[in-house]
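Let me begin by presenting the structure, written as structure tokens, before commenting on it.
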Amino acid sequence: MWYVSTRGIAPRVNFEGALFSGYAPDGGLFMPEELPQLDRKTLCQWSTLSYPGLVKELCALFIGSELIPKDELNDLIDRAFSRFRHREVVHLSRLRNGLNVLELWHGVTYAFKDLSLSCTAQFLQYFLEKREKHVTVVVGTSGDTGSAAIESVQGAKNMDIIVLLPKGHCTKIQELQMTTVLKENVHVFGVEGNSDELDEPIKTVFADVAFVKKHNLMSLNSINWSRVLVQMAHHFFAYFQCMPSLDTHPLPLVEVVVPTGAAGNLAAGYIAQKIGLPVRLVVAVNGNDIIHRTVQQGDFSLSEAVKSTLASAMDIQVPYNMERVFWLLSGSDSQVTRALMEQFERTQSVNLPKELHSKLSEAVTSVSVSDEAITQTMGRCWDENQYLLCPHSAVAVNYHYQQMDRQQPSTPRCCLAPASAAKFPEAVLAAGLTPETPAEIVALEHKETRCTPMRRGDNWMLMLRDTIEDLSQRWRSHALNTSR
């Protein structure tokens with residue numbers, strides 16, 4: 001299995017190359033050169049698998065046994081999921097009136113990112129130990145990515161992680177989950193800016209190809225192919241849990257509602273659709289509605305500013321995984337994709353070509369949900385089911401309620417729930433409900449914290465480069481001492 005850049009200039013790489021790259025050298029994102037096609041028989045065989053079982057099958061399709069033999073791959077995935085609180089890893093709650101909520105948040109940090117990052121960290125450690133190499137992972141976060149990335153690599157011998165978090169723009173719990181991990185290989189910076197602003201120094205550092213190579217830098221943001229790959233399993237699991245039966249021809253459709261910011265889960269769902277899973281995708285966003293405008297009008301352009309909403313992890317203006325979706329929609333045409341994305345980077349505004357827009361609106365439905373609708377949805381779900389939704393999950397469930405209230409004849413529908421309500425007590429209170437806080441989260445309040453400030457007026461890029469150089473130096477000294 002080979003991977004090519006969506007922009008078509010970078011040389012192709014294998015899974016290991018894509019895993020360690022993040023962005024391709026030409027600024028594009030890695031995608032499989034060819035997508036396998038799953039037939040009905042395979043889907044029927046997979047329909048009885050557990051969530052980890054589906055992850056194993058999907059990873060085996062896209063990784064190749066010459067890189068990681070199947071039994072070793074299975075062990076890595078079992079190890080990745082060993083710290084999840086729910087024995088099924090992912091759990092479907094069947095609520096009243098056909099509301100199905102797929103809980104993706106039973107990992108250590110109570111967010112869906114634990115699923116893909118725990119696997120990705122295992123794959124990284126596997127190759128690093130084999131090659132006796134060290135990497136520095138650099139992550140910008142709007143909340144959940146940082147804590148899940150830290151949890152997945154904390155204490156790892158061959159990896160250091162640097163996380164930039166937007167001070168005051170995450171919830172208190174999200175921030176504590178990052179700043180209370182005091183392992184030697186974890187380095188957290190609190191930036192006086194929003195998540196788009198803190199992405200700037202990271203992008204600038206990654207644009208220096210020689211520097212990236214010299215210091216073995218990589219990112220674990222949702223641009224990493226390995227994360228998208230694991231997230232495909234959400235869609236398969238949702239489908240098999242919610243489909244009425246596999247005896248009909250053609251196979252029945254299931255609608256999967258995907259709340260998203262950077263569009264990683266959407267890209268995963270669209271690839272699942274392309275390889276043969278009969279899902280209909282609905283993308284649900286908050287007031288930061290670039291994806292919604294793109295689906296509805298073909299208007300892929302930035303708003304004047306990021307809006308702060310109750311669904312804070314989705315307060316993102318630049319949904320970078322849309323590049324993968326555009327590439328697939330264009331029939332893997334890297335010239336079209338490159339022209340689109342370069343124009344977007346230059347002008348921050350693109351009108352999709354007519355043909356591309358009509359393909360997008362055929363493949364995906366979209367909805368944008370206000371803060372008021374989020375709190376109403378949380379309240380209604382509690383009244384009807386005594387079930388607490390996090391604000392991001394409420395964005396998805398709001399679409400379900402809209403369809404129900406219009407009494408649309410309904411395809412079975414599954415709403416993805418990316419985080420636990422326990423992480424967002426402020427939003428639960430705003431909905432007039434009572435937060436329920438697990439003991440592990442309460443305990444964070446009393447832990448020691450460590451976080452280096454990046455203030456307005458500081459040179460953030462220089463601070464980042466200096467930290468990276470320091471970590472590289474430390475690893476080289478350590479490697480020298482152990483080889484003596």
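The values are calculated or read from the model by the stated rules, or taken from the named source; none is laboratory data. Owing to the predicted nature of the structure, the values given are computational and were not obtained by experimental measurement. Note that we place each Cβ from the backbone using ideal geometry, even for glycine, and neighbour counts take in every protein chain shown. For the accessible areas, the whole protein counts, side chains as well, though only heavy atoms, and no ligand, DNA or RNA atoms are used. Shrake-Rupley method; radii C 1.70, N 1.55, O 1.52, S 1.80 Å.
Applying the Karplus relation 6.51 cos²θ - 1.76 cosθ + 1.60 with θ = phi - 60° to the range 215-226 yields 3J(HN,Hα) values of 9, 6, 8, 8, 10, 10, 5, 6, 6, 5, 4, 4 Hz, where x marks Gly and Pro. Please work out how much accessible surface Tyr23 shows to a 1.4 Å probe, ignoring ligands, DNA and RNA, in Å² rounded to 10. That residue has around 70 Å² of solvent-accessible surface.
Using only the Cα atoms of the range 30-177, construct the convex hull and provide its projected area averaged over every direction, in square nanometres to one decimal.
Numbers: hull surface 46.6 nm².
Here the figure is 11.6 nm², rounded to one decimal.
Distant-in-sequence amide contacts of Ser301, defined by a placed amide H-H separation under 5 Å and a gap of 5 or more residues or a different chain, comprise Val350.
Give the dimensionless ratio obtained when the Cα radius of gyration of the range 397-475 is divided by 2.2 N^0.38 Å. Intermediate results must be reported in sequence, preceding the final value.
Values: Rg = 22.1 Å, N = 79, 2.2 N^0.38 = 11.6 Å.
Working it through for the range 397-475, the quotient is 1.91.
For the residue pairs Lys157/Lys447; Lys203/Lys307; Lys113/Lys359; Lys307/Lys423; Lys213/Lys359; Lys183/Lys214, alpha carbon separations beyond 26 Å are given by Lys113/Lys359; Lys213/Lys359.
Taking only the Cα atoms of the chain, the ratio Rg/Rh comes out at 0.94, with Rh defined as the Kirkwood radius.
Both numbers refer to the Cα atoms of the range 280-364; Rg and Dmax are 12.7, 38 Å.
Roughly what % of DSSP beta bridges within the chain run antiparallel, to the nearest 5? Display every interim value, and only then the final one.
On the way: 13 of 47 bridges.
Of those bridges, close to 30 percent are antiparallel.
Report D for the range 1-88 in µm² per second (integer): Stokes-Einstein, Kirkwood Rh on Cα pairs, 4 °C, 1.567 mPa s. Please list the in-between numbers first.
On the way: Rh = 14.7 Å.
Here the translational diffusion coefficient equals 88 µm²/s.
Ignoring lysines fewer than eight residues from Lys70 along the same chain, the ones with Cα atoms less than 16 angstrom from its Cα are Lys56.
Here the translational diffusion coefficient of the range 71-142 follows from Stokes-Einstein with Rh set to the Kirkwood radius across Cα pairs; for 4 °C and 1.567 mPa s it amounts to 92 µm²/s. Charge tally for Glu345 (other residues, Cβ to Cβ under 14 Å; Lys, Arg +1; Asp, Glu -1): -2.
Rounded to the nearest 0.05, what FRET efficiency do Cys451 and Gln473 give with R0 = 25 Å and r taken as the Cβ-Cβ distance? Could you check?
Working: r = 22 Å, r/R0 = 0.90.
Once rounded, the FRET efficiency stands at 0.65.
For the range 181-195, backbone phi angles converted through the Karplus equation (6.51, -1.76, 1.60; θ = phi - 60°) give residue-by-residue couplings of 8, 9, 4, 4, 8, 10, 10, 10, 10, x, 9, 7, x, 8, 5 Hz, Gly and Pro being listed as x. Between Ser361 and Trp2, full extension at 0.36 nm per residue minus the direct alpha carbon distance yields a gain of 126.3 nm.
Normalised radius of gyration (Cα atoms, divided by 2.2 N^0.38 Å) for the range 347-484: 1.65.
If you plug the beta carbon distance of Ala339 and Glu88 into 1/(1 + (r/R0)^6) with R0 = 45 Å, you get a FRET efficiency near 0.50. With contributions of -39500 (n - 2.57) from each DSSP H run of at least four residues, the per-residue ellipticity at 222 nm computed over the chain stands at -14500 deg cm²/dmol. Ligands, DNA and RNA aside, Lys359 has an accessible area near 80 Å² when probed at 1.4 Å.
Report the Stokes-Einstein translational diffusion coefficient (µm² s⁻¹, integer) for the range 274-415, Rh taken as the Kirkwood radius over Cα pairs, at 25 °C with viscosity 0.890 mPa s.
Numbers: Rh = 16.4 Å.
This corresponds to a translational diffusion coefficient of 149 µm²/s.
Please identify the GluC sites (Glu not before Pro) of the range 380-439 that satisfy two criteria: DSSP loop assignment and at most 13 other Cβ atoms within 10 Å. Which are they? Numbers along the way, then the final one.
On the way: sites: Glu384, Glu426, Glu436; in loops: Glu436.
Counting only loop positions with at most 13 other Cβ atoms within 10 Å, the GluC sites (Glu not before Pro) in the range 380-439 are Glu436.
Evaluating 6.51 cos²θ - 1.76 cosθ + 1.60 at θ = phi - 60° for every residue in the range 401-406, the Karplus couplings come out as 5, 4, 5, 5, 5, 7 Hz, glycine and proline recorded as x.
The label point for Lys214 and the one for Lys70, both projected 7 Å from the Cα toward the Cβ, are 4.5 nm apart.
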